Amino acid sequence: MANDETPTDGDVSRRDYLKFGGAALSAVSFSSVASAQSSNGRGNGNGNGNAPDDGGRLLIRGGTVVTVDPDYGILYDTDIYVEDGEIRLIGDDLDANGADVVDAEGSIVVPGFVNTHLHTWESGVRGVAGDWTFLEYLDKMLGEISSNYRPVDAYLGNLFGAVQQLNAGTTTVLDWFHIANSSQHTDRAIDGLEDAGIRALFTHGPPGDDSAKWWENSSVTHPDDIRRLHEERFPSDDGLLTLAMGIRGPDYSTDEVVRQDIELARELGIPASMHIGSLGSGGVSKLDELGLLGDDLNYVHANRLTEEEFALIGESGGSISTTPEVELQMGMGMPVVGEAIDNGAIPSVGVDIVSNVSDDLFTQLRMAVQVQRGLNNQPAVERGEQIQDVTPTAHRALEIATIDGARALGLEDEIGSITPGKRADLTIIDGDDLNTAPVHKPVETVVFQAGIANVDTVIVDGTVVKRNGLVHNPTAQNHLDRLEQSGRRVLRQSDI
Ligand SMILES: [Zn+2]
């Protein structure tokens, strides 16, 4: 993957190195190559993950398996046998058959989380926008910071952003890329996801270096470069990375542009995702008027849509990405998990931007579901009554972060539940840590008690990318200080 944009040691002065070296990503602990090797002495496989070199066979032994598959439910003291990246068997005392054995006794095994909205590139400017309003964000992030990203910054942002998603137990992400300032930016961002070893929908959006042109009632159609990507970088929809289109949609572009962009996505046969309803209502009604609604559309935020518009999304089979922490901070409105569920739209959760908020789905899911409970409870509170039940339930919440997320991205046949025949995307959570023990109800433990520190092992497509609490990714480990260098330079050059 190395090319002339890959940072080299020459980019970093010794002084800078001493000051910043190793400080980036302190939340991620990397394993050395030696310690990442499996306990049975078999070595590292290909790629960045710790794939077994024993025919791709993996046995996850003795865990509490929360399948999120209604046919299997929750299985205790159960084994999962994986071969060639596929879940082959779930059962008791399965034959290891020479497989690399992952001990899951005392742990909870869940489907890898699906984060349906992340601008991964922003990991280099993590935490700068914790007090910003939405308009400030549009002005500073998309008007200024985004124009100062170079291709190498896009690479580093996506690499480390995606590695941290894996560290946090998220195995699939929709990466909404809106700094397509050049084809090099785009290519390097895709390289970053590839080097991270995550499953992702790379969602190609507009450039970030002339934001007014692209975001203020834009009359410019989607960049043609997406045709090149479709032909050259995503010739098939197999593999960990697939292509989607990040359109501006009716809140940010003219009717004609909306029509042409959605028609282009449909011509290419890829889904389209748009930010909508965080400034006001009417966008979905407009799509209806233009005859463009469909089950290939993903709506991000959607806070201020009308009841009629939620119904239109549900009837057309669309999905909604709720990013509660950002929405609550930046004045978009209340998260709409309840509206999605009530109207038959596919609910899902995302992080959105680590410039502002936490990047793990534990936090986002917990916030989404507890805010929704508060909203559901409030009418009774206002009547001076006591509530009769609590909704959404913990189980419904876990579905939203797994199988519904997969449905939102059109991947429900491949991932989202622990089901024989699906790809092996799994997250194993320690059940014997101080904040998780004792486990009485595994789903409640995962949804309301656990966090990043409890993520022991993460598996993507049968490849172990985190084990014993340590991420294994030599590419990221070798560039630990680069993200910090990149982020500091971008901010230095930005007038914010
Ligand atoms: Zn967004």
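The values are calculated or read from the model by the stated rules, or taken from the named source; none is laboratory data. In this text the structure is predicted, and so the values were computed from the model without any measurement. Glycine also receives a Cβ, built like all others from the backbone with ideal geometry; neighbour counts cover every protein chain displayed.
Structure data summary
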| quantity | calculated |
| --- | --- |
| Residue check, GLY344 outside the structural domain of ALA450 (by TED's automatic domain parsing), modelled with pLDDT of 95 or more, surrounded by fewer than 24 Cβ atoms within 10 Å (Cβ to Cβ) and not aromatic (Phe, Trp, Tyr) | yes |
| Residue match in segment 302-313 (condition: outside any loop (DSSP other than H, G, I, E, B), surrounded by fewer than 24 Cβ atoms within 10 Å (Cβ to Cβ), more than 14 Å from the ligand (Cβ to nearest atom) and not hydrophobic (A, V, I, L, M, F, W, C)) | yes |
| Where a residue in segment 258-280 is in a helix (DSSP H, G or I) and its partner, wherever it lies, is within 16 Å of the ligand (Cβ to nearest atom) and among the charged types (D, E, K, R), with Cβ under 9 Å and at least six apart | VAL258/ARG248; ASP261/ARG248 |
| Those residues of segment 332-363 which are within 20 Å of ILE429 (Cα to Cα), away from the ligand (no atom under 14 Å from the Cβ) and among the β-branched types (Val, Ile, Thr), in sequence order | THR363 |
| Close pairs from segment 99-119: first at positive phi and surrounded by fewer than 24 Cβ atoms within 10 Å (Cβ to Cβ), partner at pLDDT 95 or above and not in a strand (DSSP E or B), Cβ under 9 Å, at least 6 apart | GLY106/GLY431; GLY106/ASP432; GLY106/ALA437; GLY106/VAL439 |
| Selected residue [of a type in the set (Lys, Arg) and within 16 Å of the ligand (Cβ to nearest atom)] from ARG248, ARG259, ARG227 | ARG248 |
| Complete set of residues in segment 174-195 that are among the small types (Gly, Ala, Ser), within 16 Å of the ligand (Cβ to nearest atom) and over 15 Å from HIS222 (Cβ atoms) | ALA189 |
| Selected residue (only one of GLU122, GLU105, GLU83 is within 16 Å of the ligand (Cβ to nearest atom) and either polar (S, T, N, Q) or at pLDDT 95 or above (or both)) | GLU122 |
